[in-house]
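Remarks on the structure that follows.
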Amino acid sequence: MAKASSKLSLAVPSKGRLKDAAAELFARSGMSLRKTGHERGYRGALERLDDVEIVFLSAAEIVHHLRSGRVQLGITGEDLIRETLTDVDRTVEFLVPLGFGRADVVVAVPDCWIDVSRMVDLEDVAAQFSREHGRRLRVATKYMNLTRRFFASHGVAGYRIVESAGATEGTPAAGTAELIVDITTTGTTLRANHLKILEDGLILRSQAQLIASRNADWDPVAVKLRAAILDRITKT
């Protein structure tokens, strides 16, 4: 457990759209973000809340800092939290959804698979595929844990995961996977790659969340600051 502090540490995404959206949220809430020290540094502060220390990290790093209790609060995507943490409810508390960083984690298959519309169809396809090709269906994804849990909940076992390091939606056309699990916002990229989302293939509706670590030390000062931040955000 992290060492007690007289301040509250809040991890914020260090780059990209999540960083910009978080900055806008805090500005609307009357507590603008500002860097402290060097402009390219990784520390900051919140206007009007002097005892809050901002830590700028990547969205993935924020998950690990919440898990270890090195930060008390963090802003990151729910998809990263649920993919990375094995015991989510005992490790973190979701305080409030923030309305940005929206993305659905979905199962998508080639749209030429006319007879495949639901998860139950995948096991039949997997059995047929194994008989014809002598191997399991390949599922390309960056979300290995979410995929395993979701497929198991639907009784689908005849597959193997191919970890995707690039554009996941292109793997079926490239011949490196038969189907994918990936994030989408509008579905446009999937359709452009001739993929369709299964009718019951929604794994998670994700968005950025304000999250509290259950493994951090929460002294009275930190608890009070947490309440102040939450109050300002929810009234925005």
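Here, each number is a calculation from the coordinates, and none is a lab measurement. This one's a predicted model, so the numbers in the text were calculated from it and none came from an experiment. Cβ atoms come from the backbone with ideal geometry, glycine included; neighbour counts cover every protein chain shown.
Here are the numbers for the structure shown:
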read-out	value
Candidate lysines - alpha carbon under 19 Å from residue 7, same-chain residues fewer than 8 apart omitted	35, 224
Cα lying deepest toward the dipole's positive end in segment 103-206, options 197, 165, 186, charges on Cβ	165
Full-stretch length increase - residue 114, residue 47 - with 0.36 nm per residue and alpha-carbon distance subtracted	18.6 nm
Reach of residue 15 by Cα under 15 Å, taken over aspartates and glutamates that are not fewer than 8 positions away in the same chain	24, 39, 61
Helix-derived mean residue ellipticity, 222 nm - over the chain, DSSP H n ≥ 4, -39500 (n - 2.57), to 500	-10000 deg cm²/dmol
When the convex hull of its Cα atoms is projected in every direction, mean area for segment 96-236 (nm²)	10.8
The chain pair-distance distribution - Cα-Cα, 10 Å bins, rounded %	7, 29, 27, 18, 13, 4, 0
